[in-house]
1. Using 5 Å bins from zero, what percent of all Cα-Cα pairs in region 277-358 falls into each bin?
2. Could you name the aspartates and glutamates whose alpha carbon sits less than 20 Å from that of Lys288, not counting residues in the same chain fewer than 8 places away?
3. Grab every C-alpha pair in region 111-204, bin the distances at 5 angstrom width from 0 up to the longest one, and report whole percents.
4. For every other residue with a beta carbon closer than 13 angstrom to the beta carbon of Ala287, add +1 if it is Lys or Arg and -1 if Asp or Glu, then tell me the sum.
5. Dividing the convex hull volume of the Cα atoms of the chain by its residue count, what figure in Å³ per residue is obtained?
6. Enumerate the whole-percent occupancy of each 5 Å bin, from 0 to the last occupied one, for all C-alpha pair distances of region 166-257.
7. Between the alpha-carbon centers of region 241-260 and region 398-468, tell me the distance in whole angstrom.
8. When DSSP assigns beta bridges and you keep just the ones with both residues in the chain, what percent turn out antiparallel, to the nearest 5?
Amino acid sequence: MSKQPTPAKELTIWEDAQKMIEKARRDGVETVWDRFAQQQPGCKFCELGLTCKNCNMGPCRISLKENGKMQRGVCGADGDVIVARNFGRFVAGGAAGHSDHGRDLIEVLEAIIEGRAPDYKITDEKKLRTVAAELGISTEGRETIPIAEDLVEACFADFGSRKKELGFVCRVPEVRQEIWRKYKVMPRGVDREIAEMMHRTHMGCDNDAVSTMLHSAKTALADGWGGSMIGTELSDIIFGVPTPAKSQVNLGVIKVDMVNVLVHGHNPVVSEMVLAAARDPQMLAQAKKAGAAGINIGGLCCTGNELLGRQGIPMAGNHLMTELAIVTGAVEAVVVDYQCIMPSMVQVAACYHTKFITTADKARFTGATHISFNTATAAQQASEIIEMAIEAYAVRDQSRVEIPVAPVDVVTGFSNEALLNMLGGSLDPLLDAIKDGSIRGVVAIVGCNNPKFQHDSQNVGLAKELIKRDILVLATGCITTAAGKAGLLVPEGSEMAGPGLKKICSALHIPPVLHFGSCVDNSRVIHLCGLIANALGVDISDLPVWGASPEWYSEKAVAIGLYCVASGIPVHIGTPPQITGSKLVTDIALNGLEELFGAAFLVEPDYAQAAEKMDERIIAKRLALGLSA
Ligand code: XCC
Ligand code: SF4
């Protein structure tokens with residue numbers, strides 16, 4: 001007798017998702033939840049981080065019984081060393097993802113300068129000059145191109161091994177820099193720290209868990225203040241700084257009478273071109289000829305966030321919605337770059353008329369249509385993609401189409417620049433609001449979904465619980481769609497906020513949860529914390545701020561969490577990483593980091609409890625600053 005599947009209502013809090021899970025079941029499409037169930041129970045050794053396959057004398061695993069055999073791997077590594085090594089590689093994976101993305105933007109800027117990217121341009125010269133000046137590049141009386149050339153050089157140099165400190169460390173308060181120097185975690189070069197982590201975790205190198213954990217922090221810092229920050233800043237320079245705009249979210253943004261193209265992944269380089277091609281009158285005419293009312297671009301995950309923030313392009317869904325978006329039967333093409341794209345999307349697309357198009361040579365999917373995207377021919381390639389989608393529209397089976405809900409309105413496109421602009425050019429009004437307690441604290445909730453939780457229950461629950469307490473929430477990554485669907489990304493959302501935050505939101509006409517971009521854009525959050533700390537003359541760890549990722553899943557999320565912690569921002573996570581097999585490493589994550597960096601991780605699967613604990617610390621920090629609780 002086969003087991004009844006879990007009711008869709010238990011898997012996700014959203015109506016659009018529930019309906020599409022049910023449709024997937026009817027259509028015979030396997031989803032992430034089916035595979036999650038198949039994987040249960042998971043391997044205990046792996047869950048605890050107590051397995052090692054770093055060499056071929058193994059694989060090894062450490063006994064779960066304290067006095068049992070197998071307390072050490074074949075080489076002699078104990079559980080602490082194995083857990084720390086695994087964690088270090090996990091962080092390196094995340095840092096590599098963000099940073100390689102950042103490097104791709106440097107290459108695009110270089111190609112623009114050299115005339116090899118005719119379809120791209122420098123959109124925000126002002127930001128180019130500001131960032132260049134911060135990095136010590138002279139801008140006075142110089143033309144744009146030579147400044148951009150120097151900026152490209154400076155950014156590339158941050159990836160190498162010739163520097164003692166990354167360029168954007170200039171944004172870090174002096175006291176914090178001193179802490180990093182003291183514990184030898186000052187990031188020197190993005191690639192260098194990642195490569196050194198791989199070296200350290202080879203058999204027979206760094207066999208001290210504390211030492212490996214410190215290098216994990218250094219690697220994460222190289223991501224946050226290096227690779228990610230470069231990714232954000234150069235994306236702003238090339239495509240424009242996000243400014244507030246209206247848009248919509250949920251599967252209702254997919255239109256029954258349009259050619260629907262969803263962009264998915266992280267890098268705006270491809271998706272911006274796909275958007276431009278979709279707006280081309282010639283393409284539009286072709287779509288109309290095929291019987292469609294128009295061409296509709298929607299976002300998924302962080303590529304979606306990039307387009308949402310800069311271009312107001314609607315967001316179809318977050319991580320766990322990506323398969324379900326195709327299940328609507330109305331998606332002609334999913335165009336992806338890299339990261340967080342479930343390999344299963346190829347199979348789901350094959351169940352419908354959907355073209356699954358990959359564009360990055362470093363992210364190939366067997367069975368996909370691959371277009372090796374090149375900045376030299378970007379516009380033409382983007383047009384080819386749109387043409388494929390129009391062709392697919394002609395063979396769409398309308399009887400299989402189901403668009404489950406109507407879209408919800410959002411306001412998006414916040415950034416530090418937009419925030420400053422709204423505040424009249426100075427941080428003072430924000431600082432005053434923090435000082436008088438209208439805004440008691442600030443929490444950045446960072447993306448991700450994980451089938452270990454009812455989809456978005458924790459993301460939305462935590463955001464609501466925090467704003468109720470007059471804590472301003474910044475949203476990056478996949479929580480954006482969740483907050484939007486919950487009505488938290490419109491000014492009216494402040495009805496759900498406490499009286500202080502509500503007052504500020506009404507005065508500025510802003511939502512209580514501000515969309516701050518993609519996961520790479522958490523660099524905006526640490527930058528903002530640096531600005532606030534400097535303005536108050538304190539360290540970042542003195543601020544009433546938190547990071548949180550209640551439903552995190554990815555290596556990148558841990559890299560973000562760790563660079564926040566090492567920067568002095570404590571971080572709440574809903575599930576622990578695979579480290580709990582080592583008491584020592586777990587204790588470092590939960591307590592030891594606090595002693596070094598003035599911030600640590602809080603693991604709490606229940607959002608209400610988490611909000612309570614976060615608030616306790618916010619109160620303590622406020623009192624220490626001489627402010628009311
Ligand atoms: Fe990926 Fe960035 Fe997480 Fe969403 S939030 S699941 S990392 S897409 Ni960043
Ligand atoms: Fe086993 Fe040591 Fe090799 Fe890891 S490095 S697989 S613990 S022998």
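1. Pair shares across the bins are 3, 14, 23, 25, 20, 12, 4.
2. Asp257, Asp280, Glu332, Glu384, Glu387, Glu391, Asp397
3. Result, from short to long distances: 3, 11, 17, 17, 17, 14, 9, 6, 4, 1, 0 percent.
4. Local net charge: 0.
5. Spelled out: Cα convex hull of the chain, divided by residues, is 155 Å³.
6. The distribution over region 166-257 is 3, 11, 16, 16, 13, 10, 8, 7, 7, 5, 3, 1, 0, given as percents.
7. Taking the Cα centre of region 398-468 as reference, the centre of region 241-260 is 17 Å away.
8. That works out to approximately 15 percent antiparallel.
Values quoted throughout were computed directly from the atomic coordinates according to the rules given, and no laboratory measurement underlies them. Quick caveat: nothing in here was measured; it's all calculated off a predicted structure. Cβ sites come from the backbone with ideal geometry, for glycine too, and all protein chains shown count toward neighbours.
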